[in-house]
Amino acid sequence: MRRQTAISGINPAGSSRVVRLDPLSLPVSFAAHDIRADGGVRQIELHRERVILRRAVHGMRMAINVRVCDFLGIAMRANSDGQMLVLMHRDPSLSIPLCVSADGEEIASAWQMWSDIFALPQLQDTTREPAPRRRRRNAIRARRPKFLVRRRAGDLLNPANVHQGEREIIARD
């Protein structure tokens, strides 16, 4: 099986040059532009079942392993060089550029091939914000312990229990 790497002549994804990754020769390893990573570059390994993103942020190296089924789909975007295919994730920092080209027919055929290989839907221009944080399952759970939630709270302002204006009786031996 042939591997495509950044040094084998394939241009890095996200560069201003034309980028074409072949979906039929997976796994593919290439470098992509990442503004938050040290050096502005991240390494991507693209397999049929998973994607591995390797980057360093403030000297801390990390590898993120994401299943392909966790991605939303293959999106087509317009950019300055023409059109671009992106493997879209809910978190925009995990989205991966697949193909950049000015030829509309080439993009359409590549869009269909990537969609078929990964079994993901084809999405139109989806420049989205990150999804909002999900709520916890039970908001009250953090307030009271579980066994106290089952018990009914006592009535603190019961007038029968309040003794005002009386002297306290103390039994002394």
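Full extension of the chain segment joining ASN65 with LEU94 gains 9.4 nm, where the gain is 0.36 nm per residue of separation less the Cα-Cα distance. Placing +1 on the Cβ of every Lys and Arg and -1 on the Cβ of every Asp and Glu, with nothing else charged, gives the stretch 6-123 a dipole about its Cα centre of roughly 460 debye.
Each of ARG20, ARG167, ARG36 was scored by other Cβ atoms within 10 Å of its Cβ. Arranged with the fewest first, they read ARG167, ARG36, ARG20. Cβ-to-Cβ counts within 10 Å put ILE64, ILE170 in ascending order as ILE170, ILE64, the fewest first.
Every read-out reported here was derived from the displayed coordinates using simple, explicitly stated rules and does not represent laboratory data. Small disclaimer: the values here were computed from a predicted structure and weren't measured. Please note: Cβ atoms are built from the backbone with ideal geometry, for glycine as well, and neighbour counts cover all protein chains shown.
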